[in-house]
Amino acid sequence: QVQLVESGGGLVQAGGSLRLSCAASGSIVIINTMGWYRQAPGKQRELVAVITSVGSTNYLDSVKGRFAISRDNAKHSVYLQMNSLKPEDTAVYYCNANVRAIGTGWFADYWGQGTQVTVSS
């Protein structure tokens, strides 16, 4: 059993900043990639940022230069620093981790419950 718990969402004015956190816990052997996705009303879920186990990163074009993803392997945690927020960043943000769990011989994706980020005009 693996759980991901997110925190840090909330309300912010345009141009402001938020820092999202996600901690994985449970029967973890190893975590491969971790990432952040978001879904706005009426839109499909999209990848915002991803980070590999060795620290390589990729970002959605619209957030490059504004968002930064990082991780702490010892804490099984991933973070998303969001600066210069825009109203179009408003969405539910979901943490994702590709995890090999104890008792299994494969990796599987696990998801957080989602945290709301709302950016006012």
Give the Cα extents of the range 4-113 along the principal axes, in whole Å, largest first.
45, 28, 22
Most mobile of GLY103, GLY16, GLY42 in a GNM of the chain (Cα contacts under 10 Å)
GLY42
How large is log10 of I(q)/I(0) for the range 1-69 at q = 0.15, 0.19, 0.20, 0.28 Å⁻¹ when the intensity is taken from the Debye formula with one equal scatterer per alpha-carbon?
-0.61, -0.96, -1.05, -1.43
Quick one: P(r) of the range 49-121 from all Cα-Cα pairs, 5 Å bins, percents rounded to integers, in order of increasing distance.
3, 13, 21, 24, 18, 10, 5, 3, 1, 0
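What net charge do the residues around ASN83 carry, taking every other residue with its C-beta under 11 Å from that of ASN83, with Lys and Arg at +1 and Asp and Glu at -1? Working shown, then result.
On the way: positive: ARG19, ARG66, LYS86; negative: ASP89.
Summing Lys/Arg as +1 and Asp/Glu as -1 gives +2.
Laboratory data are not the source of any read-out in this text; all were calculated from the coordinates shown. The shown structure was predicted, so the numbers you read here are calculated from the model rather than taken from an experiment. Glycine also receives a Cβ, built like all others from the backbone with ideal geometry; neighbour counts cover every protein chain displayed.
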